[in-house]
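Single-structure report; data block below.
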Amino acid sequence: MSEIRIIHAADVHLGRPFVGVERSNPELGRLCHRASYVAWERMVSTAIEAKVDVVALAGDVFDGPGPGVRGQVAFREGVDRLYQAGIQIFMSLGNHDPLSSFPRSLQSLPGLHVFGSDPEGACADRVEATDGVAVFGASFQKSATTENIVSRFRRDPGIELAIGVVHANVSGIGGHKDYGPCSLDDLRVAGMDVWCLGHVHAPSVLWQDPLILYSGARQGAHVKEAGPLGCFLVTITDRGQASPEFIPLAPILWQTVDLDLGRTDGVNELLDKAREACTNLLSSTDNAEALVTRIHLRGHGAPELRRALDGDKEMTETLADHLAALPVPVFLESLFDFTRAALDLDSLLEDRGFLGEFVRLRRRMEQDPCGLAELVRDLRKDLVKKVGMSCLADGADVMRLIEGPQAITQFLDEAADLVVRIFGETEDVDTRDLH
């Protein structure tokens, strides 16, 4: 067996909608509308340029049953380009594009093998990719496939290299419906040398030997699908050693950015920091057409800046305008202010009003964890009365949220920040005086 090169891709989701984006920002909506098609075209071009032997597609090439005309045309053209380049395509279907709804006209495209629902049918579902190499796979027959398909995979004798392609949720990975559930043990005992998996949208290598990996989605659709997305180029040596290389493809990046406002005195400095952070993110990829970012403001902001942020819609609009003007446009998805008041609590200890009483109570609580525990129990009782036990996640004990000295200090600091936000803010601050 000579060296084998594979492009592993999944979750292309051709035609995937970006709900609400078109209405909130028409320019971003236009980019999003074509993003999945651009990512697909880039994957095809990458496979051709790398002169791979095989493209393994592990499900959800289309975003839903009965794909539209544009999606079908894009898919057909991509498969034809790969076929003309002498590259074989092996495809397992997933919950978004199961066999029951996958267009028959696409199943018989030259160079494309779409796996059936049974991974055991050697004649129908095991296809020789090159001498001594076989690709095994199975497709979802229907969208809500909850059986363990992987448990029925078995390597045939006499195969030098076995590649498995399937859409599956390994060990109940959160955030994804438990379709095609299986465990790492199921994958390891099946006898494949490489597993190309789909369904989970974050690229990840689950195991090295055998190589088990999720390619992730081609293009993120929201901020929870953050970071570079693309495909894996897997090189398998003549000794059977497999090594993956991640290749970013997504034209639009989604990313949450944390901005520390410590020593930031005004709005202009905030704008400079935001531009710098976004520029640094974009410098890590060469092919991004846009960045969509959610910004979290953290740290102890100066009073002037905090007043500008409090409920000021114009501040958010100004930041969005500055980011959109960058060479690669940055679209502000949302802005969250997690900054905290710069507090000099010692100066309030002698105050005779509410703030002074609060600061003195805070100090007593800081030195009396048992007293704090009693306070939290009382708060929890009030919360249960208001919302009911069923609304507390699994009846979780709120005490667990504040265990340990560091957590207690954070709890007290956040309470102090809230009180000062409501009743007044002190300006001459040294946060080191808080403890």
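Once you have the Cα-Cα distance between residue 336 and residue 156, take 0.36 nm times their residue separation minus that, and quote the gain in nm to one decimal.
On the way: separation 180, 0.36 × 180 = 64.80 nm, distance 5.51 nm.
Taking 0.36 nm per residue and subtracting the Cα distance, the gain is 59.3 nm.
Sticking with the crude label model, points 7 Å out along Cα→Cβ, report the distance from residue 69 to residue 34 in nm, one decimal please.
The two pseudo-label positions are separated by 1.8 nm.
At a Förster radius of 25 Å, what calculated FRET efficiency corresponds to the Cβ-Cβ distance of residue 206 and residue 235, to the nearest 0.05? Could the numbers behind the result be given before it?
Working: r = 18 Å, r/R0 = 0.73.
Once rounded, the FRET efficiency stands at 0.85.
Work out, step by step, the length gained on full extension between residue 325 and residue 298: first 0.36 nm times the residue separation, then minus their alpha carbon distance; give nm to one decimal. Write out the running numbers ahead of the final one.
Numbers: separation 27, 0.36 × 27 = 9.72 nm, distance 2.40 nm.
Working it through step by step, the gained length comes to 7.3 nm.
How far, in nm, would the chain grow between residue 173 and residue 243 when pulled straight, counting 0.36 nm per residue and subtracting the alpha carbon separation? Numbers along the way, then the final one.
On the way: separation 70, 0.36 × 70 = 25.20 nm, distance 2.35 nm.
Computed gain between residue 173 and residue 243 is 22.9 nm.
With a Förster radius of 51 Å, plug the Cβ-Cβ distance of residue 367 and residue 265 into 1/(1 + (r/R0)^6) and report the FRET value to the nearest 0.05. It would help to have the intermediate numbers written out before the result.
On the way: r = 35 Å, r/R0 = 0.68.
It comes to 0.90.
Taking the Cβ of each residue in 201, 167, 300, 96 as the centre, tally the other Cβ atoms inside 10 Å and list the residues starting with the fewest. Before the final figure, lay out each step's value.
Values: 201 22, 167 29, 300 18, 96 25.
Least to most surrounded, the residues fall as 300, 201, 96, 167.
In which sequence would 30, 360 go, from the one with the fewest C-beta neighbours within 10 Å to the one with the most?
Values: 30 12, 360 15.
By the 10 Å Cβ count, ascending: 30, 360.
Would you calculate the separation in nanometres between label points at residue 144 and residue 354, each defined as 7 Å from the Cα along the Cα-to-beta-carbon direction?
For residue 144 paired with residue 354, the spin-label model returns 5.1 nm.
Using a 7 Å offset from the Cα along the Cα-to-Cβ direction at both residue 224 and residue 374, what is the distance between the two label points in nm, to one decimal?
4.2 nm
Computed from the coordinates by the stated procedures, all read-outs in this text should not be read as laboratory data. Fair warning: this is a prediction, and the values are worked out from it, not measured in the lab. Here Cβ is always computed from backbone atoms with ideal geometry, including for glycine, and neighbour counts include all displayed protein chains.
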